[in-house]
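Structure, as structure tokens:
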Amino acid sequence: MNEPNAVMHDLLIVGAGAAGLMAAITAARAGQRVLLLDGARKIGAKILVAGGGRCNVTHFAVSERDYAGATPQQIRKVLQRFPVRETIAFFRALGVELKQEDTGKLFPTTDSAKTVLEALLRGCSEAGVALQHPARVECLRFDAMQMHFVATTETLAFTARRVLLATGGKALPKSGSDGAGFSFATAFGHTLTPHIVPALAPLLLPASHWLLALSGLALDVELSLILPSGAPFRFPGQAKSHLVRGAMLATHFGLSGPAALDISRHWTHARMLEPRTTLRVNWLPRHREDTLDAVLVASKGVSVLHVLRELLPERFARALLQEVRIDPSITPQQLPRERRLSLVRALTEMQLEVIGDRGFTYAEATAGGVPLGEIDLSTMESKLQRGLYLAGEILDVDGRIGGFNFQWAWASGFTAGSSQARASRA
Ligand SMILES: Cc1cc2nc3c(=O)[nH]c(=O)nc-3n(C[C@H](O)[C@H](O)[C@H](O)COP(=O)(O)OP(=O)(O)OC[C@H]3O[C@@H](n4cnc5c(N)ncnc54)[C@H](O)[C@@H]3O)c2cc1C
């Protein structure tokens, strides 16, 4: 057994991702002696790859409705402790100006994720955070005699009065977030949600699917979940069915792009509740069956392909007509009514045979984790182990695409960090 390091820290943070870095800076600025440990050789891998290397730091309008997992009330409690304007001010004070794009997403004006990571690391160093890496925590326990925590890495042991688990979830395991934090949490009596699955993950179609040949094509679509009866799937206790609108990208394996990523965790959960649930796509979200049929009926003397070309990329129109076995050169009037309506349904309510997602290796977030009901949401302290705190993706909260997952990490990390000075006085 490794001999504990002589220095007693006020707060030991396991994980120097977004939540851990934010908590470390906040707690150290409040006078706490903070030790931040991370198993990764290179710190901040996820921040660097985020937003295609530009880091989508947050979104101009964040509310609990942008998240899934815990209840909206629980999520709101944490979000309101560190609203978006605080994120903007926090980064500005660290020398990072954020700019808002038309989509509402906020990025650094440098368009470089490196700016964000460097600022956070500078913030840590200026506040006096002791950062050690690679230092993967292998064992974490509370010594009830000494009233402190002991964290052990392969070669060292560290002691601290309080510990924050900011180990992330399971998405992008090569970054170091491989779910180890979940076993630390359960060892202290925490439970985990019944399912921990990839969120914001690309979806797989069968190898023979016609859409694979359209790899690279992006379309604005509307996605929903459908029961075998054709009725919309509804999650228990939810009045509304789940609907996602946005860009979807055909790829060599299936579906990606914001709309597909956003619906992935809902598709997975729906399948667990009702295995026959399918994904329905409306390729023309501005139309419903009747309005699109009216467009076809009103077209005079032009081919079906000509009509569809006005609404969709020709490459897609041709592939879809081939799929539904309709000659692109005939006019809508030459089509029997039933054939015309089947084309309209293929365009507005096509059921896609999704066979799975690409898993945690390609997922951007984790759905499921430690339930928020086990956490004091005004401090992020565990209700089961005094002095233990949890923040970030380890918790049962996942956001839609657009900067919401980082905002959760900033807000929960800030809440945990800013409660430390009070905890040390208690
Ligand atoms: C490709 C990709 C792109 C993304 N883009 C965006 C985006 O643009 N905007 C957005 O809002 N969100 C984005 N996300 C999601 C976002 O990155 C995460 O939700 C967020 O980083 C979670 O922060 P976290 O601090 O909770 O966990 P993480 O960032 O996962 O950090 C956890 C840290 O804990 C360390 N760790 C784990 N176990 C141990 C251990 N036993 N000992 C020591 N250290 C340990 C890991 O090495 C890691 O550094 C993206 C995710 C991915 C994968």
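In segment 1-99, which helices (runs of 4 or more DSSP H) lie fully inside it and hold 1 or more residues that are among the polar types (S, T, N, Q) and exposed (fewer than 15 other Cβ atoms within 10 Å of the Cβ)?
Numbers: elements: 18-29, 45-53, 72-79, 84-93.
Filter on segment 1-99 gives 72-79.
Every residue in segment 400-426 that is out of contact with any helix residue (DSSP H, G or I) (no Cβ under 8 Å at 6 or more places or on another chain) and either in a helix (DSSP H, G or I) or without any contact (Cβ under 8 Å) to a residue 40 or more places away in the chain (or both), please.
Arg422, Ala423, Ser424, Arg425, Ala426
Test of understanding: among Val116, Val62, which residue is touching a residue at least 12 places away in the same chain (Cβ under 8 Å) and touching a Cys at 6+ places or on another chain (Cβ under 6 Å)?
Details: Val62 fails: touching a Cys at 6+ places or on another chain (Cβ under 6 Å).
Of Val116, Val62, the one residue that is touching a residue at least 12 places away in the same chain (Cβ under 8 Å) and touching a Cys at 6+ places or on another chain (Cβ under 6 Å) is Val116.
When segment 201-240 is examined, which residues are found to be more than 28 Å from Glu323 (Cα to Cα) and under 20 Å from the mean Cα position of the chain (by Cα)? If you could, list the steps in order and put the result at the bottom.
Of segment 201-240, the ones more than 28 Å from Glu323 (Cα to Cα) are 234-240.
Matches in segment 201-240: Phe235 only.
Just to verify a result, which residue in segment 283-293, among those that are assigned to a helix (DSSP H, G or I) and in contact (Cβ under 8 Å) with a residue 12 or more places away in the chain, is surrounded by the most Cβ atoms within 10 Å (Cβ to Cβ)? Write out each step before concluding.
Filtering segment 283-293 for residues assigned to a helix (DSSP H, G or I) gives 289-293.
Remaining after also requiring in contact (Cβ under 8 Å) with a residue 12 or more places away in the chain: 289, 292-293.
Details: Glu289: 14, Leu292: 24, Asp293: 20.
Among those that are assigned to a helix (DSSP H, G or I) and in contact (Cβ under 8 Å) with a residue 12 or more places away in the chain, it is Leu292.
In segment 100-139, which residues are surrounded by 19 or more Cβ atoms within 10 Å (Cβ to Cβ) and over 20 Å from Ile43 (Cβ atoms)?
Answer for segment 100-139, where residues must be surrounded by 19 or more Cβ atoms within 10 Å (Cβ to Cβ) and over 20 Å from Ile43 (Cβ atoms): Lys105, Leu106, Phe107.
Out of all the residues in segment 115-158, which are within 14 Å of the ligand (Cβ to nearest atom), in contact with a helix residue (DSSP H, G or I) (Cβ under 8 Å, 6 or more places away or on another chain) and more than 11 Å from Leu37 (Cα to Cα)?
Hits for segment 115-158 are Val116, Leu117, Leu120, Leu121, Cys124, Leu140, Arg141.
Any residue in segment 76-87 that is farther than 14 Å from Ala19 by Cβ sitting within a Cβ distance under 6 Å of a residue that is buried (at least 19 other Cβ atoms within 10 Å of the Cβ) and β-branched (Val, Ile, Thr)? List the pairs, counting only those 6 or more apart or interchain.
Between residues of segment 76-87 that are farther than 14 Å from Ala19 by Cβ and residues that are buried (at least 19 other Cβ atoms within 10 Å of the Cβ) and β-branched (Val, Ile, Thr), the close pairs are Val84/Thr58; Val84/Val62.
Can you name every residue in segment 162-187 that is at pLDDT 95 or above and more than 6 Å from the ligand (Cβ to nearest atom)?
Arg162, Val163, Leu164, Leu165, Gly169, Lys170, Phe182, Ser183, Phe184, Ala185, Thr186, Ala187
So that you can scan it fast, the table gives a plain yes or no per residue for (1) outside the structural domain of Glu381 (by TED's automatic domain parsing); (2) within 25 Å of Thr379 (Cβ to Cβ); (3) in contact (Cβ under 8 Å) with a residue 60 or more places away in the chain:
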{"site": "Phe91", "(1), (2), (3)": "no, yes, no"}
{"site": "Glu97", "(1), (2), (3)": "no, no, no"}
{"site": "Lys105", "(1), (2), (3)": "no, no, yes"}
{"site": "Thr109", "(1), (2), (3)": "no, no, no"}
{"site": "Pro134", "(1), (2), (3)": "no, no, yes"}
{"site": "Ala144", "(1), (2), (3)": "no, yes, no"}
{"site": "His148", "(1), (2), (3)": "no, yes, yes"}
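How many residues does segment 232-281 hold that are in contact (Cβ under 8 Å) with a residue 12 or more places away in the chain and in a helix (DSSP H, G or I)? Spell out the reasoning first.
Step one: of segment 232-281, the residues in contact (Cβ under 8 Å) with a residue 12 or more places away in the chain are 233, 235-236, 241-270, 272-274, 276-281.
With in a helix (DSSP H, G or I) added as a condition, the list becomes 257-270, 272-273.
The total comes to 16.
Just checking, does segment 67-78 include any residue being more than 9 Å from the ligand (Cβ to nearest atom) and among the hydroxyl-bearing types (Ser, Thr, Tyr)?
Filtering segment 67-78 for residues more than 9 Å from the ligand (Cβ to nearest atom) gives 67-78.
Of the ones still in play, those that are also among the hydroxyl-bearing types (Ser, Thr, Tyr) are 67, 71.
Checking segment 67-78: at least one residue is more than 9 Å from the ligand (Cβ to nearest atom) and among the hydroxyl-bearing types (Ser, Thr, Tyr).
What number of residues in segment 296-309 are buried (at least 17 other Cβ atoms within 10 Å of the Cβ) and β-branched (Val, Ile, Thr)?
2
Looking only at residues in segment 39-51 that are within 16 Å of the chain's Cα centre (by Cα) and near the ligand (Cβ under 8 Å from one of its atoms), which one is farthest from Leu121 (Cα to Cα)?
Let us first name the residues in segment 39-51 that are within 16 Å of the chain's Cα centre (by Cα), namely 45-51.
Adding the requirement that they be near the ligand (Cβ under 8 Å from one of its atoms) leaves 45-47, 49-51.
Working: Ala45: 13, Lys46: 14, Ile47: 12, Val49: 16, Ala50: 17, Gly51: 19 Å.
Going through the qualifying residues, I end up with Gly51.
The values are calculated or read from the model by the stated rules, or taken from the named source; none is laboratory data. Just so it is clear, the structure is predicted and the values come from calculations on it, not from any experiment. Because the Cβ atoms are built from the backbone with ideal geometry, glycine has one as well, and the counts that use them run over all protein chains shown.
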